[in-house]
Every structure is written in structure tokens, then in C-alpha cells.
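The values are calculated or read from the model by the stated rules, or taken from the named source; none is laboratory data. Keep in mind that what you see is a predicted model, and the values were worked out from it rather than measured. Heads up, the Cβs are rebuilt from the backbone with ideal geometry, glycines too, and the neighbour counts pull from every protein chain shown. Note: accessible area is taken over every heavy atom of the protein model, side chains too, but ligands, DNA and RNA are not part of it. Shrake-Rupley method; radii C 1.70, N 1.55, O 1.52, S 1.80 Å.
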Amino acid sequence: MSFNNLDQLYRQVIMDHYKNPRNKGQLDEGSLTIDMNNPTCGDRIHLTMDVEDGKVSEAKFEGEGCSISMASASMMTQAIKGKEIETALKMSKIFSDMMQGNDYPNDLDLGDIEALQGVAKFPARIKCATLAWKAMEKGLSEQE
Amino acid sequence: MNALEIKKYFPILDQEVNGHPLVYLDNAATSQKPVQVIEALDKYYREYNSNVHRGVHTLGNRATDAYEGARDKVRKFIHAKAREEIVFTRGTTTALNTIAQSYGRANVNEGDEIVITYMEHHSNIIPWQQLAKEKGAVLKYLPLQENGSVLLEDAREMITEKTKIVSIMMVSNVLGTINPIKEIAEIAHQKGAVMVVDGAQTAPHMKIDVQDLNCDFLAFSGHKMCGPTGIGVMYGKKEHLEKMEPIEFGGEMIDFVGLYDSTWKELPWKFEGGTPIIAGAIGLGAAIDFLEEIGLDEIEQYEHRLADYAMEKMSTIEGMTIYGPLAGEKRAGLVTFNLGDVHPHDVATVLDAEGIAVRAGHHCAQPLMKWLNCSATARASFYVYNSEEDIDRLVQGLVKTKEYFSDVF
């Protein structure tokens, strides 16, 4: 089966995160908790994070949604764990630029996240990819 | 009925999307427009654009005649008794909100009941939620059967002397269920309640006779029935509309304006504040002409056949879950489904890459999604220009979707 265009969207690493989500679950009560949904399509994320000494020490998510939204959530939690709040928020900004097809600084190691670049070419799916990031941004910007 | 001949009137359908001929199967969201409607709008703006009901100039008269002529077409289309019973609105949502805010506010009090069903579209839930909250009334939901139907015995039980309003969709935009409105209206009337009908998915696809249904109100939109966006209809029995207060005030709807008090125009204009949706109404009139030329009974039968064909073909795909009426049961021309573990968004994205447009999401029916126990579904909905060939393309697309995701998994 060949769908060249689709293969840019559904990269193997994305499907791997979808199938085997990292950091699935939720942290104990008292953790930073953000619930967000995408009202136009029904995608939903429940994100919990622990912040210690200005760093994200732990992050877990639960939710319902398509491969892109769930893979993005998995990658996001993986990326921000152990990072300073400032760095996590910077990553969120970079991710937003990436989704809009803008240039972004490459001084941070984005790891798996770069696989999501192809989403920018599917405007209808950008909201799926950004849901988890918006939730993280909302939670952490209140901590700053 | 010849769908391929009809398709020729729809210029938008003659295009490629992502390298494939477009198959448009998102008709329950909005239909495409035939040249007859596009030309009616074009002609109005090119030749006789003017405000209506005022001034004495020639163009103003032509515009008024066309606008009011569209009202007569709508009256005939839904078999209403009088043209005064036809109010133009922005769409189904505005019509239902007007009924809730005008009739509802005046007639629903604390402890009264409003009865709807689990399958309603958000536009037939939230106006009643808001009214119930404001008045301290009780909002009740009729339960659904496994096949997505409503039982009359449940209606008899849940509609009580306290019920003031029963508001139900005639055709479900998700399940394709066709509800027994006439029978439910009779039950509502026995208990002294009014029957409101959400006809958004009915008006485009089958004959509506408001006198035969004996409903008190009916709401529908132009854009789902070949007409333009931004135009819809609120039908109400004259006896109700006469007593109801407008909810929008301003130009067009007034009779006499004093410094501290004003009086309203007669029906239907008291509900049409501001410059009306002139082009929209004219476009809707052209859409009605177009549909009546084909014949609403013809359309209904054709779409049932398409739905049966789709059910038959789609159910052969392994892992396919189809919601709503079971095979062989009557269903409107749409099929809502899930394809194994593949999320509906992913299904819709792969189909789009094949030039096939379907809807994915909660279809503005979150309570129904909860009842179905899923967060989202995909939906293929058909119209007069769709053919068995389109359904074959859909089925091929779905098979490819399945293969594609089994490859990457």
C-alpha cells in the first residue's frame, strides 16, 4: 500500500507512540492537573504533572482521540520530563511554530517530536496535534 | 431518478481532490448547491437587489415579490395551512432558540417538564437546558433502544400532564433513525403539551406535511437541502405564533413606534426583525423548486435504496461497526460507523487522500455519543447526486484504510 502523502503524516514513530503510549496514566492527587478537549471533534486529554524546583519531574496523560492527538501527547510528556518549566514552554512555542509551518530555532533536541512535522501539511489535523501541548502550556504557565 | 444526470447540475462535484474525482459524502453537514440555486442568487444580486417591504421603487417591488414568493414556496413545501405560519430565520438553531425563548419562556414554569430524546443534536438540547435552568423546569430524555429507536410506550410514560414541550428530531443526523413524530405529537397533545420538530435532516430528504404530522412547530435549514447557508425556517401554528412575543426588536418588525412603547407588525413579520435574509430566502425558494422537480417521494425512496446498498457493502468489511437501525430496518440516507480500532479522524484523513469526504467526530450530539459509548464516529451521508458508484468508492477507501493501518501497526 502506498500513500506517499499519508506516509508523511503517519510516520512510523508516530504510530509507535499511538500503539505504545509513553507515560499513560495519572499522577496522585495534588499534582498539577489539566483537562482539555477539542470541542469540534471530541478529543480529550487529562494531563497530570509534578513540578519540583522549577522542573517537570513527572508527567502522565490519559485521553481519547485519534492517532495524531494521542501520539503527540505521548511524545510531549516524554519530551518535557526533567526539563525546566521555561524549556518546556519554549518547546511548546517551537511546536506551535512547527505546526504552522514556520521556521523554528534548532537549539533544542526535539527527538521524536520532529516526526510530527508532516501534520502541518494537513490543516484539519493540526488541532489534534496541539491539544496536549496546549494543556501543558496552560498548566505550566500558571506555575511560572 | 437518475443520480448521474442530477449530478451534472452541481458544478462543485466535477473536480478532483487529492488526485481523485471527488466523492462528497458529507451531506448531513451541508449539501452542495445546484446551478439553479447559484443562478437565482446571482440574478438577485445582478438584477434586482433591493430592500424589501419599503420604498416604492421597481427593484424594491421585485425583491419583495421574490422574497414573499419564497415564503409561499416554503408553505407549499411543508403543507402548512397559511403563509403567516412561515418565518424565515438564520437556520434550524435560530428557529429552535426562538421557540424556546418566546413560546418556552411564556409557557414553561417551575416544575414543568420538557421532553427530548438522547439522540438530539446540540441545537435541540441546549435551548431547552437553558430554559429549564432559567425556569426551574425538568428536562427529560426519552431513552433509545439498541437499534436507536424511541418506543411509543416510553413516550406515553414520560410525557405527563406536567409536560409543556416535547421536542424531537424527525430524522437522526447520526443514527439515521426516522422517529414516529405523528404518534408522539398525538401523545403530547393528549397531555396538553406542544410538539416541536427538528426537521433539519428531514426537509432535504422526504416529504413533510405539518398538518398531517399535526406538529406545533417545525425548524429546518436551507443549506442542507441545496439552498444557501444563513437561511432557515421556523414554522409554527398560527394560534401559537399570534400569542408569542418576538425576541428580536428593531426595523421591519414594528407597526408603530412611540417613545416608550411600540407595537408589532402582524405575522410573520413580527419575528423577522432587521433587513431580512432576502438572497437566502430566494435561494431557498430555488432549492425547493429543484427538489420538487425531482420529487420528494422519489428522493426518499432513492436514498433508502442507497442506504441499504451501503449497509450491505460496508458490513462485509471486517471490524466494521455500524450504528442505528439494523439491516433491513428503515433508515435515512446515512451510515455512521467505526472501523475497528482506527480512530474516525484517521479514517476520514485516509479517505480524504482518496478524494472521499466524510464527517468524523461527535456530530454535535455528545449525549448520543455517550449513549453509544464512543467518543467519536465516522459518518457517510448521501444525497440526490450520490450513486452506488460513490458507495463502491467509499468501500474501497475503507478497505484501503484498514490495510494502511494494519501495515503501520
For this session: Scan segment A:15-32 for residues that are within 22 Å of A:Glu137 (Cβ to Cβ) and free of Cβ contacts under 8 Å to residues at least 24 places away in the same chain and report the count.
Result: 1
Exercise. In this structure, does B:Ala286 turn out to be open to solvent by less than 10 Å² (accessible area, probe 1.4 Å), closer than 25 Å to B:Gly222 by Cβ and among the small types (Gly, Ala, Ser)?
Worked result: no
For this session: Kindly provide the set of residues from segment B:80-101 that are more than 12 Å from B:Ile247 (Cβ to Cβ) and over 17 Å from the mean Cα position of the chain (by Cα), ordered by number.
Result: B:Ala80, B:Lys81, B:Ala82, B:Arg83, B:Glu84, B:Glu85
Exercise. Can you name the condition, by its number, that B:Lys238 falls short on among (1) in contact with a helix residue (DSSP H, G or I) (Cβ under 9 Å, 6 or more places away or on another chain); (2) over 22 Å from B:Ala100 (Cβ atoms)?
Worked result: (2)
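Every residue, every condition in (1) part of a strand (DSSP E or B); (2) of a type in the set (A, V, I, L, M, F, W, C); (3) at negative phi, yes or no:
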position	(1), (2), (3)
B:Leu175	no, yes, yes
B:Ile187	no, yes, yes
B:Val197	yes, yes, yes
B:Pro228	no, no, yes
B:Met234	yes, yes, yes
B:Gly251	no, no, yes
B:Leu259	no, yes, yes
Seminar exercise, completed: Note on A:Ala132: of the conditions (1) within 14 Å of chain B (Cβ to nearest Cβ); (2) in contact (Cβ under 8 Å) with a residue 24 or more places away in the chain, unmet is (1)
Exercise. If the Cβ limit is 8 Å and pairs must be 6+ apart or interchain, which residue in segment B:69-81 that is within 19 Å of B:Ile278 (Cα to Cα) pairs with which residue that is among the charged types (D, E, K, R) and surrounded by fewer than 23 Cβ atoms within 10 Å (Cβ to Cβ)?
Worked result: B:Arg71/B:Arg83; B:Asp72/B:Arg83; B:Lys73/B:Asp289; B:Arg75/B:Arg83; B:Phe77/B:Glu292
Exercise. In segment A:42-59, what residues are open to solvent by 10 Å² or more (accessible area, probe 1.4 Å) and over 14 Å from the mean Cα position of the chain (by Cα)?
Worked result: A:Gly42, A:Asp50, A:Val51, A:Glu52, A:Asp53, A:Gly54, A:Lys55, A:Ser57, A:Glu58
Seminar exercise, completed: Residue pairs qualifying under the 9 Å Cβ cut-off, at least six apart or on distinct chains, with the first in segment B:87-100 being under 17 Å from B:Lys238 (Cα atoms) and at pLDDT 95 or above and the second being aromatic (Phe, Trp, Tyr) and in a strand (DSSP E or B), are B:Val87/B:Tyr235; B:Ala95/B:Phe217; B:Ala95/B:Phe220; B:Ala95/B:Tyr235; B:Leu96/B:Phe217; B:Ile99/B:Phe217
Exercise. Within segment A:63-79, how many residues turn out to be farther than 18 Å from A:Pro123 by Cα, surrounded by 24 or more Cβ atoms within 10 Å (Cβ to Cβ) and within 14 Å of chain B (Cβ to nearest Cβ)?
Worked result: 1
Problem set entry | Qualifying residues in segment A:4-62 (those that are hydroxyl-bearing (Ser, Thr, Tyr) and touching a strand residue (DSSP E or B) at 6+ places or on another chain (Cβ under 8 Å)) - the one nearest to the other protein chains (Cβ to nearest Cβ) | A:Thr40
Problem set entry | Selection from segment B:1-49 of residues that are more than 27 Å from B:Arg331 (Cβ to Cβ), out of contact with any Gly (no Cβ under 6 Å at 6 or more places or on another chain) and assigned to a helix (DSSP H, G or I) | B:Pro11, B:Val35, B:Gln36, B:Ile38, B:Glu39, B:Asp42, B:Lys43, B:Tyr44, B:Tyr45, B:Arg46, B:Glu47, B:Tyr48
Exercise. Residues of segment B:206-227 being in contact with a Gly (Cβ under 8 Å, 6 or more places away or on another chain) and open to solvent by 20 Å² or more (accessible area, probe 1.4 Å), which ones?
Worked result: B:His223
Exercise. Do we find a residue being surrounded by fewer than 22 Cβ atoms within 10 Å (Cβ to Cβ), among the basic types (Lys, Arg), away from chain A (no Cβ under 12 Å) and not in a strand (DSSP E or B) anywhere in segment B:301-316?
Worked result: yes
For this session: Among the residues of segment B:348-369, write down those that are more than 9 Å from chain A (Cβ to nearest Cβ) and over 19 Å from the mean Cα position of the chain (by Cα).
Result: B:Leu351, B:Gly355, B:Ile356, B:Ala357
Exercise. Quick one: which of B:Glu242, B:Glu303 is farther than 19 Å from B:Thr92 by Cβ and within 18 Å of the chain's Cα centre (by Cα)?
Worked result: B:Glu303
Seminar exercise, completed: Log entry, pairs with first residue in segment B:364-375 being part of a helix (DSSP H, G or I), second being open to solvent by 30 Å² or more (accessible area, probe 1.4 Å), beta carbons closer than 8 Å, six or more apart or on different chains, reads B:Gln366/B:His122; B:Pro367/B:Tyr118; B:Pro367/B:Tyr141; B:Leu368/B:Tyr118; B:Met369/B:Ser375; B:Trp371/B:Tyr118; B:Leu372/B:Tyr323
Problem set entry | Filter result (touching a Leu at 6+ places or on another chain (Cβ under 7 Å) and surrounded by 14 or more Cβ atoms within 10 Å (Cβ to Cβ)) within segment B:15-47 | B:Leu22, B:Val23, B:Tyr24, B:Leu25, B:Ala28, B:Gln32
